[in-house]
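The values are calculated or read from the model by the stated rules, or taken from the named source; none is laboratory data. Everything numeric here is computed off the predicted structure, so don't read it as measured data. Backbone-built Cβ (ideal geometry, glycine too); neighbour counts: all protein chains shown.
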C-alpha cells in the first residue's frame, strides 16, 4: 500500500527506528504491564516524507492496543 504524507501529499518512504543495540522500537499500551505480552503491544512502521520531513508512526496491530 502506497502511503502519502498527511501534511503535503507526497509519497512517503518507509523507514525504521533503531533502538540500540539494534532492536526495533515497539509500541506498548500504557500503562506498561509486561514486555512479554504480545496481546498489548504492536510492532511499529515508520514513514518519512522526503519533501517536508514529517514522520508518521503506524501500529501494525492496532487492535492489540484497544481496551
### Message
Looking at region 1-21, I want the residues that are on the phi > 0 side of the Ramachandran plot and assigned to a loop (DSSP other than H, G, I, E, B) and have a partner that is at pLDDT 95 or above and surrounded by 10 or more Cβ atoms within 10 Å (Cβ to Cβ) with Cβ atoms under 9 Å, at least 6 apart or on another chain. Which pairs are those?
### Response
9/51
## Note on the structure
Flagged in region 39-53 as exposed (fewer than 15 other Cβ atoms within 10 Å of the Cβ), more than 12 Å from residue 17 (Cβ to Cβ) and touching a residue at least 12 places away in the same chain (Cβ under 8 Å), in numbering order, are 39, 50, 51, 52
### Task
Give 50, 43 a once-over and let me know the one that is closer than 25 Å to residue 1 by Cβ, part of a loop (DSSP other than H, G, I, E, B) and either modelled with pLDDT under 70 or touching a strand residue (DSSP E or B) at 6+ places or on another chain (Cβ under 8 Å) (or both).
50
### Task
Kindly indicate whether any position in region 24-35 is surrounded by 10 or more Cβ atoms within 10 Å (Cβ to Cβ), at pLDDT 70 or above and assigned to a strand (DSSP E or B).
no
